[in-house]
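K.L.:
Submitted below is the structure of interest, expressed as structure tokens.
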Amino acid sequence: MPSPEIDFGAIIRQLTTANIRFVVIGGVAMNLHGADNLTTDMDISFARDRENAAALAKLLSKQNARPRGFPADLPFVIDAQVFRNSTNLTLDTDWGSFDMLAEPEGVDGFEGLWNRAVVMDVDELAVRVASIPDLIAMKRAADRPKDREHIMQLQALQRLQSPVA
């Protein structure tokens, strides 16, 4: 069954209004920095503290979140403990594909990503978006063919955004 068309703005709005600590990563972060690439899923990094895990569980249970590829008849309960114990979750939700990484490869974890993130205005909300250097580091760590192409785009954006000496 094809996933629904994703409304990235609505996802960001719901995460933000639920006071969830997250950083936008992946293709959406690239787009927010100005890259021209197609993405069909939402990727975030998230904090695993108790309060954040509880808020994530509450929000994602309303979105019928289930691990991607899980049989439909296999019981699955999404609760705070799932987020506290997980480093990476690939979920199917009513939003569409939603990938969550508490410890993205290539960077020093969520807190470092959070501290270096660029705060951007997304639909009049202040949203943390992974910095271009962090996106490049995560793409290098993943090292898929599409990531190598993305690195070239990100490096070009980085050069464009660098002050002229």
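The values are calculated or read from the model by the stated rules, or taken from the named source; none is laboratory data. Note that this is a predicted model, so its numbers are computed, not measured. As a convention, Cβ positions derive from the backbone with ideal geometry for all residues, glycine included, and neighbour counts pool all protein chains shown.
K.L.:
Does the range 135-159 hold any residues that are more than 17 Å from residue 42 (Cα to Cα), in contact (Cβ under 8 Å) with a residue 12 or more places away in the chain and not polar (S, T, N, Q), and which are they?
P.N.:
Answer for the range 135-159, where residues must be more than 17 Å from residue 42 (Cα to Cα), in contact (Cβ under 8 Å) with a residue 12 or more places away in the chain and not polar (S, T, N, Q): 136, 137, 140, 141, 151, 154, 157.
K.L.:
Just checking, does the range 116-126 include any residue being in contact (Cβ under 8 Å) with a residue 24 or more places away in the chain and assigned to a helix (DSSP H, G or I)?
P.N.:
No; the residues of the range 116-126 include none that is in contact (Cβ under 8 Å) with a residue 24 or more places away in the chain and assigned to a helix (DSSP H, G or I).
K.L.:
Now a separate question. Condition check: in a loop (DSSP other than H, G, I, E, B), over 15 Å from residue 8 (Cα atoms) and of a type in the set (Gly, Ala, Ser). Does residue 69 satisfy that?
P.N.:
Yes.
K.L.:
Continuing with the same structure: How many residues are more than 18 Å from residue 103 (Cα to Cα) and loosely packed, with under 14 Cβ neighbours inside 10 Å when one looks only at the range 38-50?
P.N.:
Going through the range 38-50 one residue at a time, the tally reaches 2.
K.L.:
Count, please, the residues in the range 74-98 that happen to be closer than 21 Å to residue 51 by Cα and buried (at least 16 other Cβ atoms within 10 Å of the Cβ).
P.N.:
Residues flagged as closer than 21 Å to residue 51 by Cα and buried (at least 16 other Cβ atoms within 10 Å of the Cβ) within the range 74-98 amount to 9.
K.L.:
Here is a list: 52, 37. Which entry is assigned to a loop (DSSP other than H, G, I, E, B) and either touching a helix residue (DSSP H, G or I) at 6+ places or on another chain (Cβ under 7 Å) or modelled with pLDDT of 95 or more (or both)?
P.N.:
Numbers: 52 fails: assigned to a loop (DSSP other than H, G, I, E, B).
When all the criteria are applied, what remains is 37.
K.L.:
Looking at residue 143 and the list (1) surrounded by 14 or more Cβ atoms within 10 Å (Cβ to Cβ); (2) more than 25 Å from residue 20 (Cβ to Cβ); (3) not basic (Lys, Arg), which single condition is not satisfied?
P.N.:
That leaves (1) as the condition not met.
K.L.:
Looking only at the range 104-120, decide whether some residue is of a type in the set (Asp, Glu), surrounded by fewer than 21 Cβ atoms within 10 Å (Cβ to Cβ) and at pLDDT below 95. Spell out the reasoning first.
P.N.:
Residues of the range 104-120 of a type in the set (Asp, Glu): 105, 108, 111.
This time we only want the ones that are surrounded by fewer than 21 Cβ atoms within 10 Å (Cβ to Cβ), so: 105, 108, 111.
Remaining after also requiring at pLDDT below 95: none.
No, there is no match, as no residue in the range 104-120 is of a type in the set (Asp, Glu), surrounded by fewer than 21 Cβ atoms within 10 Å (Cβ to Cβ) and at pLDDT below 95.
K.L.:
Related question: Tell me which residues, restricted to the range 98-117, are closer than 24 Å to residue 78 by Cβ and in contact with a strand residue (DSSP E or B) (Cβ under 7 Å, 6 or more places away or on another chain).
P.N.:
98, 99, 100, 101, 102, 104, 110, 113, 114
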